[in-house]
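Following: one structure in structure tokens, then a few remarks.
The values are calculated or read from the model by the stated rules, or taken from the named source; none is laboratory data. Just so we're clear, the structure is a prediction, and the values are computed from it rather than from any experiment. Please note: Cβ atoms are built from the backbone with ideal geometry, for glycine as well, and neighbour counts cover all protein chains shown.
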Amino acid sequence: MIKRPDKNDYPSFYETYIRLIQNEDVLLLLENQEMAFHAFVKDISPEKGDYRYAEGKWSLKEVVGHIVEVERIMAYRALAISRGDEQSLPGMDENQYIARSNYSQRDFNSLAEEFSLVRKGNIIMIRSFSEEMLNRVGIANGGRISVRALVYIIAGHLDHHVQVIRDRYLQ
């Protein structure tokens, strides 16, 4: 079981995500999230795909795409830091990523499948980390962060956005 990161293991702006993971086996949670989110996305009506709850907000397809992108980026950071990479890893401009994507041309089935494949690969990678690797710390997006914290961020980021989807897109 991967123990919860300490508050000094990550920049404070990630607290929103880490706080969502309560007394759970984060690896089991990651597995359960994969199956649940895949089914959740596939069950969304295709007509909802381009829905935006307000002007200037992302479409529902873009939110799902964002979830996949962040999953990939956090997993890359975890891999790099677990291997002792000492270079500062770049941040991302999530709005620029979405603006330059083609999520509006995709369907929910392909987005659900992409998420599942990315998550399954990440679970295999995370399971391979030793305790020493999980404790390694690097710099990403200008802040000090541990591999352990990145695992929790991956899980919490998904939970955060599922709630946003439920509250703002599927009402």
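Here are a few things to note about the model shown:
- S59 being closer than 18 Å to Q105 by Cα and surrounded by fewer than 20 Cβ atoms within 10 Å (Cβ to Cβ): yes
- For segment 9-24, the set of residues classified as at pLDDT 95 or above and either surrounded by 11 or more Cβ atoms within 10 Å (Cβ to Cβ) or of a type in the set (K, R) (or both) consists of D9, Y10, P11, Y14, E15, T16, Y17, I18, R19, L20, I21, listed by residue number.
- Within the option set V137, V41, V68, being in contact with a helix residue (DSSP H, G or I) (Cβ under 8 Å, 6 or more places away or on another chain), in contact (Cβ under 8 Å) with a residue 12 or more places away in the chain and closer than 15 Å to H157 by Cα holds for one residue only, V68.
- Segment 47-56, residues that are without any contact (Cβ under 8 Å) to a residue 12 or more places away in the chain and either surrounded by 14 or more Cβ atoms within 10 Å (Cβ to Cβ) or hydroxyl-bearing (S, T, Y) (or both): R52
- Pairing residues of segment 19-36 that are within 18 Å of V118 (Cβ to Cβ) with residues that are acidic (D, E) and in a helix (DSSP H, G or I), at Cβ distances under 9 Å and at least 6 apart in sequence or on separate chains, gives L29/D159; Q33/D159.
- Counting only helices (runs of 4 or more DSSP H) that fall entirely inside segment 68-171 and contain at least 3 residues that are in contact with a Lys or Arg (Cβ under 9 Å, 6 or more places away or on another chain) and not aromatic (F, W, Y), the qualifying elements are 108-128, 131-135, 147-164.
- Taking the criterion of being surrounded by 23 or more Cβ atoms within 10 Å (Cβ to Cβ) and more than 14 Å from the chain's Cα centre (by Cα), the only residue of segment 63-81 that qualifies is I81.
- Test for L28: is it at pLDDT 95 or above and either part of a helix (DSSP H, G or I) or within 21 Å of I124 (Cβ to Cβ) (or both): yes
- Residue list for segment 27-37, filter: within 15 Å of Q163 (Cα to Cα) and surrounded by 14 or more Cβ atoms within 10 Å (Cβ to Cβ): Q33, F37
- All conditions in (1) within 11 Å of the chain's Cα centre (by Cα); (2) surrounded by fewer than 22 Cβ atoms within 10 Å (Cβ to Cβ) hold for L150, with the sole exception of (2).
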